[in-house]
Each structure stands twice: as C-alpha cells, then as structure tokens.
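As structure tokens, the structure follows; a few thoughts come after it.
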Amino acid sequence: LGRNRCITDPYEPGSTFKPFIWSFLTELGKATISEVLPTPSNGPYRTPFGREIRDAHYYGPSTWRKVLIKSMNSGMAIVAQRITHQQMQQAIKQFGFGEPTDIGLGGETGGIITSNENWDDYTQTSVSMGHEIAVTPLQMVQGFCAFARDGTIPQLQLTLVKPTDVMFVRKAVSPEIAALTRQILGEVMTEGTGRNSQSEQYALFGKSGTAQLPRADGTGYFEDRYVASFIAGAPIDNPAIVVICVIDDPDKSIDHYGGKVAGPVVRDVIEETLNYLGVPPTTEYLAKIRQ
C-alpha cells in the first residue's frame, strides 16, 4: 500500500537540523555570533572524550556565525558541549521534534530520539549536527516556521485558502534570535551551500543537508549513499512560505549534495508558489545583499 512519506518516514536530517540547535545555543548565550571558535585548519576536531569530528572543508578558527554559514560540524560540536544533555533534549522538544504535528493525516509518526538512558556525550555532539535523530519532513517544515515567524511554532493545517486564524503550539526561540537566524540563513544562500539554489526573483533563507544513508540492518551507514535535502523560506524580508525537499539515495553519478540536487527543487517550488500567490519579487533586496 502507498503511504505519505512526508509524515510516515523519519530520516536523519543532517545539516538542515543545525539552524535549530544553533539558534537555541545562541539564545542561551553559549556563543555569540562574533566569537571565534577553535575549529580545525586541516584535520578532524577531537572532542575531550576522544571522538573525531570531520568537516567537509576546514577553515581554521572561525566565528559562530561562520559555523552556520559554512555548515561546520566541528563548531556545532564545540558549542553543544557547553550545555547539558537535558538542555539539548529541551531544544529538540521546543522545535516540535519527537512528537507528531497533529496535522490530521493518518499514519503520522513522531520521529526517533535517543532515550534519556542511552543519551551520552557522543549523542550530544551527533544531534548538534543532525545525526542520531530522525525526523519527518513535516516536522522540519513546522520547526523551520519559527525562523519565518517570530520564533513561535504554528499548528500546521490542511487548507485550500490562507488561514485567517493561525494558532501557535509553542515558543521555540525569541523574536530577536529567530530574526538573527533567518538573516544568517540568508547568508547561507550567498556565501554557503545554498549558492547553487539562489533565486533571481526572491531572497531565500535556507540550509542544505547531506547525510549518510543508514543501513537497514542497523549496522551503521553506507559510505557512498546519502540522503540529500534542502529547506528554505522566502521572501527573507517578509516570509510567506517554507518548502523542503528530501531525496533518498540520489544518483551519485549526477550528484549527491543537498545544495545541488535538492536546493534547486526548493527554489523552483518557492518561485512558482510565490508567483501564484501574487507575492512581488524582492529584486531590490536581492540587489542590495549581492553588492
């Protein structure tokens, strides 16, 4: 039988999960955007408990802002170790992960989160990078709405028209941190992994993810198979829409990075949807940020 995989099939989000943890850590004051972290220059970062964490590219000591723009695993892990396990679990809960969205569709799952008993330092650093946690695409969209709004999580609805009364489920972060995160996710589109997904019509704010595909038997991950994803909202100055694309096991002979295979899909859907809704292009804003 067919199923709606957007609500039934949890997956590891990889780097698309970083904005949630980044914003929470920033809200707690565990790092400022200008703080320079001891991220490595030419090799893995080694945690105090002996784990080696690799980045796709090594930039040397970098600011907390750059950690999100360049999607640096090492920087996320460094700051994640400044909070308790309970605080990290609270971050997950505040953005609505670990429970269904209650959108009203049958078969919805709440994702997979490591239990309190099994949560350790390895889990702590993994979750900060979007690993050792499984979410649904619908949960990702709901959580990402916090950055498109004032830091609050809305109750998702199925509707043929724009709802006149939007209920919110909880507050994830403050309006100031939501706006800051949205701004830096806009810089991901110009300076980071979203460059291949820029729109010529609207200024987007988004994040890519390229996670290794887990083996079905639970024995680890494939070395050459991936889950590529991209999530974005637009327009950045007055958000009206959030879109996600998740590609399970893309053809690596074409490409497998989320910013290259999933990002353009998100961009095209956003452009067509905003055009249909009559949202005017943000050409002046685009010209300003690209100067």
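Set side by side, the residues A203, A211 differ, and just one is of a type in the set (A, V, I, L, M), in contact (Cβ under 8 Å) with a residue 12 or more places away in the chain, open to solvent by less than 10 Å² (accessible area, probe 1.4 Å) and outside any strand (DSSP E or B), which is A203.
On the stretch given as the range 153-181, residues that are aliphatic (A, V, I, L, M), surrounded by 13 or more Cβ atoms within 10 Å (Cβ to Cβ) and more than 21 Å from T273 (Cα to Cα) total 8. Checking the stated criteria, I184 turns out not to satisfy the condition of being within 16 Å of the chain's Cα centre (by Cα) and surrounded by fewer than 23 Cβ atoms within 10 Å (Cβ to Cβ).
Scanning the range 17-25 for any residue that is assigned to a strand (DSSP E or B), touching a strand residue (DSSP E or B) at 6+ places or on another chain (Cβ under 9 Å) and closer than 19 Å to Y122 by Cβ turns up nothing. The set of residues in the range 269-283 that are of a type in the set (S, T, N, Q) and in a helix (DSSP H, G or I) comprises T273, N275, T283. So, of the residues in the range 89-147 that are among the hydroxyl-bearing types (S, T, Y) and open to solvent by 10 Å² or more (accessible area, probe 1.4 Å), which turns out to be farthest from I78 (Cα to Cα)? Top of the filtered list is T109.
Restricting attention to the range 41-65, the residues that are in a helix (DSSP H, G or I) and either in contact with a strand residue (DSSP E or B) (Cβ under 6 Å, 6 or more places away or on another chain) or surrounded by 22 or more Cβ atoms within 10 Å (Cβ to Cβ) (or both) total 1.
The single residue among P250, P239 that is buried (at least 16 other Cβ atoms within 10 Å of the Cβ), modelled with pLDDT of 95 or more, touching a helix residue (DSSP H, G or I) at 6+ places or on another chain (Cβ under 7 Å) and in a loop (DSSP other than H, G, I, E, B) turns out to be P239.
Taking the range 153-168 as the range and being touching a Ser or Thr at 6+ places or on another chain (Cβ under 8 Å) and modelled with pLDDT under 85 as the test, only F168 passes. Residue selection: V266 fails the criterion of being buried (at least 19 other Cβ atoms within 10 Å of the Cβ), in a strand (DSSP E or B) and in contact (Cβ under 8 Å) with a residue 12 or more places away in the chain.
For the structure I just gave you, tell me whether D150 is modelled with pLDDT of 95 or more, open to solvent by 10 Å² or more (accessible area, probe 1.4 Å) and part of a loop (DSSP other than H, G, I, E, B).
Criteria met by D150.
For R82, the criteria (1) under 16 Å from G130 (Cβ atoms); (2) open to solvent by 60 Å² or more (accessible area, probe 1.4 Å); (3) out of contact with any Pro (no Cβ under 6 Å at 6 or more places or on another chain) hold in every case but one, which is (1). Counting only residues that are open to solvent by 40 Å² or more (accessible area, probe 1.4 Å) and of a type in the set (A, V, I, L, M, F, W, C), which one in the range 1-40 is nearest to H85 (Cα to Cα)? Out of the qualifying residues, it is L28. In the range 55-73, the residues that are under 9 Å from P40 (Cβ atoms) and without any contact (Cβ under 8 Å) to a residue 60 or more places away in the chain form Cβ pairs under 7 Å with partners that are open to solvent by 60 Å² or more (accessible area, probe 1.4 Å) and among the polar types (S, T, N, Q), at six or more places apart or across chains, as follows: Y58/S41; Y58/N42; G60/S41.
The values are calculated or read from the model by the stated rules, or taken from the named source; none is laboratory data. Since we're looking at a predicted model, the values are computed, not measured. Cβ: placed from backbone, ideal geometry, glycine included. Neighbour counts: every protein chain shown. Surface areas here come from the heavy atoms of the whole protein model, side chains and all, with no ligands, DNA or RNA. Shrake-Rupley method; radii C 1.70, N 1.55, O 1.52, S 1.80 Å.
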